[in-house]
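The values are calculated or read from the model by the stated rules, or taken from the named source; none is laboratory data. Please read all numbers here as calculations on a predicted model, not as lab measurements. Neighbour counts are summed over all protein chains in view; Cβ atoms, including those assigned to glycine, are modelled from backbone coordinates with ideal geometry. Keep in mind that these areas ignore ligands, DNA and RNA; they rest on the heavy atoms of the full protein, side chains included. Shrake-Rupley method; radii C 1.70, N 1.55, O 1.52, S 1.80 Å.
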Amino acid sequence: MVPANWEERIRDPKIECMSRDEMADLQGKKLVNVVERVYNNVDFYHKKMKELGVEPGDIKRMEDIVKLPFTTKEDLRDNYPFGLLAIPKSEVARVQGTSGTTGKLTLASYSDYDVEVWGECVARCLTMAGLTKDDIIHVCYGYGLFTGGLGADFGARALGAMAIPMSAGNTKRQMMCMEDFGATAIACTPSYALHLAEAMQESGVIDKIKIKAGICGAEPWTEEMRHKIEEIMHINCFDIYGLCEITGPGVAQDCIHHAGLHVNHDHFYPEVLSPGTGDAVAEGELGELVFTTLSKEAMPLLRYRTKDLTSITYETCECGRTTPRISKFKGRTDDMKVIRGVNVFPTQVEEALLGMGGAVAPHYLMIVDRENNMDRLTVMVEVDEELFSDEIRKLDALKNRVGAVLKQALGIAVNVKLVEPKTIERSEGKAKRVIDKRDLV
Ligand code: DLL
């Protein structure tokens with residue numbers, strides 16, 4: 001068991017600005033500890049390590065991590081719900097799950113200490129966004145098994161700030177509470193932030209609201225989308241990342257320089273690997289993000305394959321933090337669509353549409369189906385209502401322009417469907433950007 005005072009924590013600049021060697025030493029010690037714990041307490045890891053011929057004694061320093069087995073989402077499902085516990089069930093303080101709505105959920109267990117570390121990591125992120133104990137954080141991530149709401153809440157608590165536990169939904173009420181309680185920060189998905197921003201603009205409350213920062217994450221989004229939200233709300237938006245298996249939000253976040261997301265690597269050791277071979281890719285190259293939890297008590301994971309695609313840099317950031325930074329997520333290996341042999345991500349569509357200087361709204365939906373045995377991609381995009389009352393010629397010209405921009409960005413021809421504002425369903429949680437009907441035909 002990791003003693004509660006195992007390492008220095010609480011927003012200690014020493015942790016976030018530690019030299020590489022010192023950090024590697026700390027991480028190595030923690031890795032030795034976690035490997036010993038899972039080998040002795042988790043049948044799954046005991047067997048996996050035996051199969052690979054690895055004993056805990058073979059793991060002496062951080063570089064030895066490559067000897068360890070991977071863990072996949074399927075392994076979590078096979079051991080659902082409590083098969084990967086490294087502590088007695090009676091010591092589990094809480095469980096959290098993924099936000100997915102299909103099939104069995106992915107469940108993760110947390111001890112009291114795990115919850116404390118989680119809150120601490122979110123507090124570091126809030127601090128990175130310039131927030132202090134004097135801030136009022138309006139949380140509209142969902143509360144419940146999903147880690148968004150509670151994670152932001154635990155972070156606000158660790159920071160000493162005030163949390164407003166709104167959860168998602170009822171935009172009018174959200175705006176009223178934001179104004180009445182004097183919220184200074186908002187925590188929600190980027191798609192919901194955009195929806196709120198537009199609603200505030202429409203109802204004219206934008207100038208009455210004191211929000212200065214948005215802590216947005218839980219889904220892939222682009223720099224263009226960040227600028228859009230920032231521009232409407234006059235705030236700074238930060239990209240917070242996490243997953244329930246590792247801890248909820250708070251695994252990583254960008255600072256004011258927006259030059260990648262700083263990973264809290266004293267607790268979550270990142271590797272970026274080629275999804276095919278499982279070997280490390282070069283610094284700056286795109287690969288699958290893999291995490292080993294270094295502090296987790298209840299359900300530690302070795303080399304967990306997140307399926308999230310990013311790149312990593314170890315250069316010190318302008319802000320002074322030495323923590324490695326991962327690039328804004330391009331997507332997941334499993335939300336990448338292969339359309340007529342070309343890899344397509346929703347973020348590419350978002351970037352291209354938002355790069356059109358306001359010609360179209362940043363609300364879109366990709367529909368993939370088949371016609372004459374060929375894959376077909378249709379992108380529905382919202383445009384200004386006025387355009388529909390204008391001459392058909394203008395609408396056609398815009399449609400052609402959008403088609404050309406998307407073809408250039410994606411490398412395939414796209415069927416464009418321009419639709420009126422609010423046609424595409426708004427999401428209060430994670431936005432649904434793609435409907436793939438190919439499995440159905
Ligand atoms: O989405 C935790 C979270 C809540 C993060 C609130 C940030 C804010 P899960 O439901 O387990 O947990 O989903 C995890 O969501 O593997 C990514 O694919 C995606 N994801 C999370 N944050 C980001 C982000 C929460 N900032 C999965 N950018 C992850 C891109 C993200 N994708």
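Which residues, counting only those in region 65-77, are modelled with pLDDT of 95 or more and over 19 Å from K296 (Cα atoms)?
Scanning region 65-77 gives V66, K67.
May I ask you to say which residue of M178, M200 is over 27 Å from V95 (Cβ atoms), over 23 Å from the mean Cα position of the chain (by Cα) and surrounded by 23 or more Cβ atoms within 10 Å (Cβ to Cβ)?
M178
Pick from T347, T333: which is surrounded by fewer than 20 Cβ atoms within 10 Å (Cβ to Cβ) and modelled with pLDDT under 95?
T333
Quick check on region 65-74. Is at least one of its residues surrounded by 20 or more Cβ atoms within 10 Å (Cβ to Cβ) and either closer than 22 Å to V263 by Cβ or in contact with a Gly (Cβ under 6 Å, 6 or more places away or on another chain) (or both)?
Yes, region 65-74 contains at least one residue that is surrounded by 20 or more Cβ atoms within 10 Å (Cβ to Cβ) and either closer than 22 Å to V263 by Cβ or in contact with a Gly (Cβ under 6 Å, 6 or more places away or on another chain) (or both).
So N5 ticks every box in (1) modelled with pLDDT of 95 or more; (2) open to solvent by 20 Å² or more (accessible area, probe 1.4 Å); (3) under 21 Å from A123 (Cα atoms) but one. Which box is left unticked?
(1)
Does D375 satisfy the criteria of being surrounded by 16 or more Cβ atoms within 10 Å (Cβ to Cβ), in a loop (DSSP other than H, G, I, E, B) and out of contact with any Leu (no Cβ under 6 Å at 6 or more places or on another chain)? Break it down stepwise before answering.
Working: surrounded by 16 or more Cβ atoms within 10 Å (Cβ to Cβ): yes; in a loop (DSSP other than H, G, I, E, B): no; out of contact with any Leu (no Cβ under 6 Å at 6 or more places or on another chain): yes.
Against the criterion (surrounded by 16 or more Cβ atoms within 10 Å (Cβ to Cβ), in a loop (DSSP other than H, G, I, E, B) and out of contact with any Leu (no Cβ under 6 Å at 6 or more places or on another chain)), D375 does not qualify.
Note down all Cβ pairs under 8 Å where the first residue falls in region 214-235 and is in a strand (DSSP E or B), the second is open to solvent by 40 Å² or more (accessible area, probe 1.4 Å) and more than 11 Å from the ligand (Cβ to nearest atom), and they're at least six residues apart or on different chains.
Partner pairs satisfying both residue conditions: G214/N236.
Condition check ((1) open to solvent by less than 30 Å² (accessible area, probe 1.4 Å); (2) away from the ligand (no atom under 11 Å from the Cβ); (3) touching a residue at least 24 places away in the same chain (Cβ under 8 Å); (4) aliphatic (A, V, I, L, M)) across all residues:
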| residue | (1), (2), (3), (4) |
| --- | --- |
| T106 | yes, no, yes, no |
| D112 | no, yes, no, no |
| G119 | yes, yes, yes, no |
| L126 | yes, yes, yes, yes |
| G130 | no, yes, yes, no |
| K133 | no, yes, yes, no |
| G148 | yes, no, yes, no |
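Might you let me know whether region 241-251 holds any residue that is in contact (Cβ under 8 Å) with a residue 24 or more places away in the chain and more than 16 Å from the ligand (Cβ to nearest atom)?
no
So, of the residues in region 165-185 that are within 16 Å of the ligand (Cβ to nearest atom) and in contact with a Cys (Cβ under 7 Å, 6 or more places away or on another chain), which turns out to be farthest from S427 (Cα to Cα)?
M166
Pick from region 252-263 the residues that are crowded, with 22+ Cβ neighbours inside 10 Å and either small (G, A, S) or away from the ligand (no atom under 13 Å from the Cβ) (or both): which of them is modelled with the lowest pLDDT?
If we take residues in region 252-263 being crowded, with 22+ Cβ neighbours inside 10 Å and either small (G, A, S) or away from the ligand (no atom under 13 Å from the Cβ) (or both), then C255 is modelled with the lowest pLDDT.
With the condition kept exactly as written, say whether any residue in region 220-229 is open to solvent by 20 Å² or more (accessible area, probe 1.4 Å) and either within 8 Å of the ligand (Cβ to nearest atom) or within 13 Å of V122 (Cβ to Cβ) (or both).
So in region 220-229, the residues open to solvent by 20 Å² or more (accessible area, probe 1.4 Å) come out as 220, 223-224, 227-228.
Within this subset, residues satisfying the condition of being either within 8 Å of the ligand (Cβ to nearest atom) or within 13 Å of V122 (Cβ to Cβ) (or both) are 220.
Looking for residues that are open to solvent by 20 Å² or more (accessible area, probe 1.4 Å) and either within 8 Å of the ligand (Cβ to nearest atom) or within 13 Å of V122 (Cβ to Cβ) (or both), one finds at least one in region 220-229, hence yes.
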